[in-house]
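Worksheet: the structure to be examined is printed underneath.
The values are calculated or read from the model by the stated rules, or taken from the named source; none is laboratory data. Source: prediction; values computed, not measured. FYI the Cβ positions are ideal-geometry reconstructions off the backbone, even for glycines, and counts take in every protein chain you see. Please note that ligands, DNA and RNA were not included when accessible areas were found on the heavy atoms of the full protein model with its side chains. Shrake-Rupley method; radii C 1.70, N 1.55, O 1.52, S 1.80 Å.
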Amino acid sequence: MEITSVTVDGFRNLAGTLSAAPGLNVLWGGNGQGKTNWLEAIYLLATTKSFRTHQPQELMAFGAAAAHLRLELQRRTGSSVTLDMHLEAGRKVMLVNGKRAALRDYLGQLVVFAYGREALDVVCGEPEQRRRFLDRGILSLKPAYVQTLLDYARVLKQKNALLRVVAERPEHRDWLDSLDAWNAQLVELGTELHVERARYAEQLDAHLERQLFGAERVAIRYVSSLEPDLPPTAEAFRAAMTERLARRRAAELAVGHALVGPHRDDLAILMDGREVARFGSAGQQRSTLLVLTLGQLALYRAHCAEPPVFLLDDLDAELDPRRITTLLAYLEDKAQTLVTTTKPGLVRGAARWLELRAGRLVSAHDGDYQPPADVFPEACLETQTSAAGLIPADGFG
Ligand SMILES: Nc1ncnc2c1ncn2[C@@H]1O[C@H](COP(=O)(O)OP(=O)(O)OP(=O)(O)O)[C@@H](O)[C@H]1O
């Protein structure tokens, strides 16, 4: 699949249309000109989520009451698809080819993988970020999985509401009659989550592009909160969760919320057997995230013929020049890539150059266009200041 155009109205500081080419597209301009906002718009259109915020209101242009985003994409088969998203009063409406679409149908249309500063939480943040990372990867292969996620979240919410009421108002103890029914549903839905996530983590580990950035010593493993080495089978999980729910019943009643289930699981990201988040350098943490994200892309390509879209934010701030060349060469035949940079002179071989100012396109060039080498002295200064955060050329050494 390839994005051919994105049109935005009322979203952050953006306006107008960007036309993308197959291959590498470079969105360039000074700091604060809306480059990341364009990638965020594309990510939102693909996944229905922002990589920056959970607050829909923040996505709307200051003072605007609604936003509209449209994306045209072309499939390998030659067919084209239009995705529309309308944001208003905290609501999102999604259309595929002009028709309202259920989430599971919408999510399969455009697959994107994104690497940027915000995504570093996957390595360094809370377990929830790592569960989301896994879930997003599974959704790229299996959009129907979204129903399992929604159902599990709904049942967990109901169970928590019940436990809270009973903890706060003991006269409602008879309401506990329904607890077994909620638990039975959690076991079934939790089994699906566990099996999908544990298998995905196993496959992802096998597809990590370790040699690309010297990440040979990185390994990942799904860690169930029930038992760290629980096998990825439905039988093992069902038995473990049923036993644990019975054993923790009194504790759940005492604290007033659910203590057992895959909503407490984690993904271990290790280097030489130690957590990268705690023992890795800043450069090693970034390398690890890049290797994980490229692993998701490789795993997707192993299952799907359509190349996905790769979004790479702030290229020059995240990678040293040697790694930029290695990464862009790697992506060349695997994805349509959109990168943002304040230093377009660092990029070679782009299919399209899109210059942005104040959220709008000011020039577009194809092919062998030579962008200015260094036109944003203030941006260069900022990049130098943050140079300590660059992924070092010797990677994990
Ligand atoms: N809801 C909003 N409405 C209008 N403008 C917004 C909104 N949210 C952010 N902005 C503006 O977007 C700009 C930042 O855009 P963005 O983060 O895309 O910049 P960038 O080009 O990626 O910059 P850098 O190179 O520094 O990363 C800021 O000027 C900010 O004021």
Rounded to the nearest 20 debye, dipole of segment 120-303 from Cβ charges on Lys, Arg, Asp, Glu: 320 debye
Using DSSP, restrict attention to beta bridges with both residues in the chain and report what percent are antiparallel, rounded to the nearest 5. 70 percent
Taking θ as phi - 60°, what are the ³J(HN,Hα) couplings along segment 209-214 by the Karplus curve (6.51, -1.76, 1.60), each to the nearest whole Hz, with x for Gly and Pro? 7, 5, 6, 4, 10, x
Regarding segment 120-303, what are the three Cα extents along the principal axes, ordered largest first, in Å? 61, 33, 23
Once Lys and Arg are counted +1 and Asp and Glu -1 for all other residues with Cβ under 12 Å from that of Glu243, the total becomes +4
For Glu216 and Lys334, what is the calculated FRET efficiency with R₀ set at 25 Å and r taken between the beta-carbons, to the nearest 0.05? 0.75
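Per DSSP helix of 4 or more residues, -39500 (n - 2.57); summed, then divided by the residues of the chain. What does that give at 222 nm, rounded to the nearest 500? If you can, show how the numbers build up before the last one.
On the way: 14 runs with 165 residues, N = 397.
-13000 deg cm²/dmol, from helical runs alone.
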For segment 223-377, build the charge dipole from Cβ charges (+1 Lys, Arg; -1 Asp, Glu) around the Cα centre, then report which of Gly261, Phe310, Ala234 sits farthest towards its positive end. Gly261
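Which value, in debye to the nearest 20, gives the size of the charge dipole of the chain about its Cα centre, when Lys and Arg are +1 and Asp and Glu are -1 at the Cβ?
Details: 47 positive and 50 negative charges, 115 e Å.
The calculation lands at about 560 debye.
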What residues have an amide H closer than 5 Å to that of Gly16, excluding those fewer than 5 places away on the same chain, when H is modeled at 1.01 Å from N in the peptide plane? Val8
Name the aspartates and glutamates eligible as straight-distance cross-link partners of Lys334: C-alpha to C-alpha under 12 Å, and not fewer than 8 places from it in the same chain. Glu2, Glu306
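For Ala181 and Cys304, what does the FRET efficiency come to when R0 = 45 Å and r is the distance between their Cβ atoms, rounded to the nearest 0.05? Spell out each step's value before the answer.
Numbers: r = 38 Å, r/R0 = 0.85.
For Ala181 and Cys304, the calculated efficiency is 0.75.
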Take the alpha carbon atoms of the chain, find their radius of gyration, then divide it by 2.2 N^0.38 Å using N residues; give the quotient. 1.06
Can you give me the C-alpha center-to-center distance between segment 81-137 and segment 167-208, rounded to a whole angstrom? 23 Å
Net +/- balance of residues flanking Tyr43 in space, Cβ distance below 11 Å, scoring K and R +1, D and E -1: 0
Would you mind counting up the charge near Asp180? Only other residues with Cβ under 11 Å from its Cβ, with Lys and Arg at +1 and Asp and Glu at -1. +1
Where the only charges are on Cβ atoms (+1 Lys, Arg; -1 Asp, Glu), what is the dipole of segment 117-172 about its Cα centre, to the nearest 20 debye? 140 debye
Hey, if you drop one equal point scatterer on each alpha-carbon of segment 221-305 and run the Debye formula without solvent, what base-10 log of I(q)/I(0) do you get at q = 0.18, 0.26 Å⁻¹? -0.91, -1.17
Taking amide H atoms as placed 1.01 Å from N in the peptide plane, list the residues 5 or more away in sequence, or in a different chain, whose amide H sits under 5 Å from that of Ser5. Ala20, Glu72
Say the dipole of the chain comes from +1 at the beta carbon of Lys and Arg and -1 at that of Asp and Glu; which of Gly280, Gly349, Pro56 then lies farthest toward its positive end? Pro56
Just the number please: accessible area per residue for the chain, 1.4 Å probe, all protein chains included, in Å². 45 Å²
